[in-house]
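Participant: Before anything else, here's the structure in question.
The values are calculated or read from the model by the stated rules, or taken from the named source; none is laboratory data. None of the values given here were measured: they were computed from a predicted structure. Neighbour counts run over all protein chains shown; Cβ positions are idealised from the backbone, glycine included. These accessible areas exclude ligands, DNA and RNA; they are computed on the full protein's heavy atoms, side chains included. Shrake-Rupley method; radii C 1.70, N 1.55, O 1.52, S 1.80 Å.
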Amino acid sequence: MQKKIFNFVFITLLLISLSPLSCKKDREINTQFLNELDVDANLNWAVVISPYASFRADAGFENKVTSYARLNDLFQVKGKKTVVQILDENSEEKVKVTWYKLDSGWIDESCVNIFDSKLKAQKAISQNLTDSKKQ
């Protein structure tokens, strides 16, 4: 029993004596590279996965094209809307299509990948660029 008490006291004193060495008050954490937008959990980011994608004035393929995006372009998602549409004029089959509102207009889900942080989106872009160089 005395040996257990001695071991406990010895280990406790050892940990207490080493604790000041582990925490240096003059050491700063460099957060200079972090931006609020990079890590904000309330924002989503879209990376264009099509070689060429069209932005529309509103959600839906029937709406006017307002501008274009290219492969690996990065945008902050401003909104999301699901629209029931007929994709094939020869068929009456209706399909739900999710559209994302970005800075330049609305883009359909088949043209983008959505990420929950800007850092993840940027990492995906760099991975896409690395993969394309290998081909």
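Participant: Roll a 1.4 Å probe over the protein chains and send me the accessible area per residue for the stretch 42-135 in Å². Can you show the working numbers first?
Facilitator: Details: 6030 Å² over 94 residues.
I get 64 Å² per residue for the stretch 42-135.
Participant: Sticking with the crude label model, points 7 Å out along Cα→Cβ, report the distance from Ile114 to Asn128 in nm, one decimal please.
Facilitator: Using points 7 Å along Cα→Cβ, the separation is 1.6 nm.
Participant: May I ask you to compute the full-extension gain from Tyr52 to Asn90, defined as 0.36 nm times their residue separation minus their alpha-carbon distance, rounded to one decimal in nm? Walk me through the numbers on the way to the answer.
Facilitator: On the way: separation 38, 0.36 × 38 = 13.68 nm, distance 2.57 nm.
So the extension gain works out to 11.1 nm.
Participant: Go through 55-68, 109-122 and give me the packing order, highest mean Cβ count within 10 Å leading. Show your work: numbers first, answer last.
Facilitator: Working: 55-68: 14.4, 109-122: 16.9.
Packing proxy ranking, top to bottom: 109-122, 55-68.
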